[in-house]
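Remarks on the structure that follows.
Readers should treat all values here as calculations from the given coordinates under stated rules, not as data from a laboratory. None of these values were measured; they are calculated from a predicted model. In this analysis, Cβ positions are derived from the backbone assuming ideal geometry, glycine residues included, and neighbour counts consider all displayed protein chains.
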Amino acid sequence: MNDTARKILAPTLFIVAILAFWEWAVWYNDLPDFRMASPSDLIPRYVQFWDLFLIKSWETLWRTVVGLALAVVVGTLFGMIMGFSRFAREGLYPILVGFNAIPKATVVPIVALMFVGQHDFNTVLIAFMISFFPIAVSVSIGLSTLEPEYRDILRSLGASQATIFWKIALPKTLPEFFGAMKVAVTLAFIGTNLMEIVSPHGRGLGDLFDSGRISADYPLMFAVLFALAALGILLFYVVVFLERIFAGWAERSPG
Amino acid sequence: MQTDPSHYMIELREVTHAYKTKAGPLPVLDNFSLRVPENSFCAVVGPSGCGKSTLTRLVSGLMKPNEGQVWLHNKLVTSPRPTVGMAFQNPVLLEWRTILQNILLPLEIVKSPMSKAQATERAHHLLDLVGLTGFAEKRPSELSGGMRQRASLCRSIIHKPDVLILDEPFGALDAFTREDLWCTMHDLRAQEPFTCLLITHDLRESVFLADQVVVMSGRPAHAQHVLEVDIPPKRTLEDLYAPKAVEMLATLRHQIQVAQGRAAEDDAPAPAPSPKPARSRPIPGAMQ
């Protein structure tokens, strides 16, 4: 089997197998759809609400991406400060850890009160807050563990700190950065949905989920979960694609 | 202390240096003096932890000594200088760059009269010299350890430095690769002369490559012994087994034992095949 065929065939095969098993398990146990909807229950929902799914997905997607972009900028900045200055690292680390430890579900109502009515802003804010920690940590670790010889080859030629950062420290940190991005992408989704569900404001897939709950349309709730998974996969592979371009050198060919 | 300019390519005058540690200052170098004439090759050997790497950082200007002076090319060293090339035990090639881009890296920092095309041509020429023809477009991860070290050597001299500082560059290689690279060093020097300071813990390497071998004492280190290596140029590995070389190696081995505190200075060196002692000269600085 060649490489591309396997890369497409393998996941397809697994998805089909899992869906088939799920369908069978629901049918075999004779579960009503409010206890467990089966995949075949979902299709009518997609057909019925396809326009809503598109609109809501887009709302969820763009707010997640903006939150993530913000997390990249701020996280990299914090990572750089902590990576270069031991003083800043030792000072900021406990604060960041504490901030990260606060369950974001508790922050949602506070943010919703703080910026009343700014739903898009609030959603982006939560997506950002939940996803910037791994980026900051990985960039700081990447920079602070740079072997001194790497600095020395440029420093011995009289290069400035800025040159060393652009030519060596930054590219060398990219693999760690993308590793963190893969975690951050999923987290940002959780953040967006948290806002959409805990503080309902009629936008995003979280809203569709909520309306499924209110109208006791359980298959719709499951259908939303699948849409979220699809968006998550999409964004994840965008990150993988970018990683291939910018940090493909770190990937060893097998064998 | 003298303040007149140095007439040597590398000169260290009574350099004393200590690191600050929690337990107080840790003296590393004590009145260390060294003189390396232009285009000559100086090897520094010594017991481990005696401050050999400190020496390279001082000569390259990465660190300033507490006391004493470091002169390079008639100028007092106060900060890093672009006329220096460096290679370490770890070849530190940038994995995201091709071998060619890695070799050209110093020219992105140092202003050079070479045009981009000339520099590329020079890089290819150096690759040919070290036996890496055809590897210019490969990534470091595709090269073996010895090949990476060869590429690292090319990078350290691409900008035509007048001083090359080598900090145990062959230390992590297997014996065959190491001997191969020793010969490569001779080829490089024959092609374009440079002054070289080699830090090593391999006595055979020091005798094969260097014009003078400096033995450092234990910490804090001073130059305990200087051995002139009078094996004529175009050395071959067989020269290392000639009586003269064997004798020099015995002298060095004895001096290392003295440095480690395991033998007294006036003990006879380990028995050598020939009764004639190797020609040595007193340490610089002690002459004044």
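Consider only pairs whose beta carbons are under 8 Å apart and that are at least six residues apart or on different chains; among these, list those whose first residue lies in region B:8-21 and is without any contact (Cβ under 8 Å) to a residue 40 or more places away in the chain and over 12 Å from B:G68 (Cβ atoms) and whose second residue is surrounded by 22 or more Cβ atoms within 10 Å (Cβ to Cβ) and of a type in the set (A, V, I, L, M, F, W, C).
Going by the 8 Å Cβ cut-off, the qualifying pairs are B:Y19/B:V28.
Return a yes/no flag: does region A:188-210 have any residue that is more than 14 Å from chain B (Cβ to nearest Cβ), surrounded by fewer than 17 Cβ atoms within 10 Å (Cβ to Cβ) and either among the basic types (K, R) or in contact with a strand residue (DSSP E or B) (Cβ under 7 Å, 6 or more places away or on another chain) (or both).
No, there is no match, as no residue in region A:188-210 is more than 14 Å from chain B (Cβ to nearest Cβ), surrounded by fewer than 17 Cβ atoms within 10 Å (Cβ to Cβ) and either among the basic types (K, R) or in contact with a strand residue (DSSP E or B) (Cβ under 7 Å, 6 or more places away or on another chain) (or both).
Restricting region B:106-133 to residues that are away from every other protein chain (no Cβ under 14 Å) and of a type in the set (G, A, S), which is surrounded by the most Cβ atoms within 10 Å (Cβ to Cβ)?
Just the residues of region B:106-133 that are away from every other protein chain (no Cβ under 14 Å), to begin with: B:113-133.
Still in the running and of a type in the set (G, A, S): B:115, B:117, B:119, B:123, B:131.
On the way: B:S115: 9, B:A117: 8, B:A119: 19, B:A123: 22, B:G131: 15.
Among residues in region B:106-133 that are away from every other protein chain (no Cβ under 14 Å) and of a type in the set (G, A, S), the one surrounded by the most Cβ atoms within 10 Å (Cβ to Cβ) is B:A123.
Is it the case that region A:164-184 has a residue that's of a type in the set (A, V, I, L, M, F, W, C), more than 14 Å from chain B (Cβ to nearest Cβ), buried (at least 22 other Cβ atoms within 10 Å of the Cβ) and in contact with a Pro (Cβ under 7 Å, 6 or more places away or on another chain)?
Keep residues of region A:164-184 that are of a type in the set (A, V, I, L, M, F, W, C), which gives A:164-166, A:168-170, A:174, A:177-178, A:180-181, A:183-184.
After this cut, where a residue has to be more than 14 Å from chain B (Cβ to nearest Cβ) as well, the list is A:180-181, A:183-184.
Then keep just the ones that are buried (at least 22 other Cβ atoms within 10 Å of the Cβ); that gives A:180-181, A:184.
Okay, now just the ones that are also in contact with a Pro (Cβ under 7 Å, 6 or more places away or on another chain), so A:180, A:184.
Yes, that holds for at least one residue.
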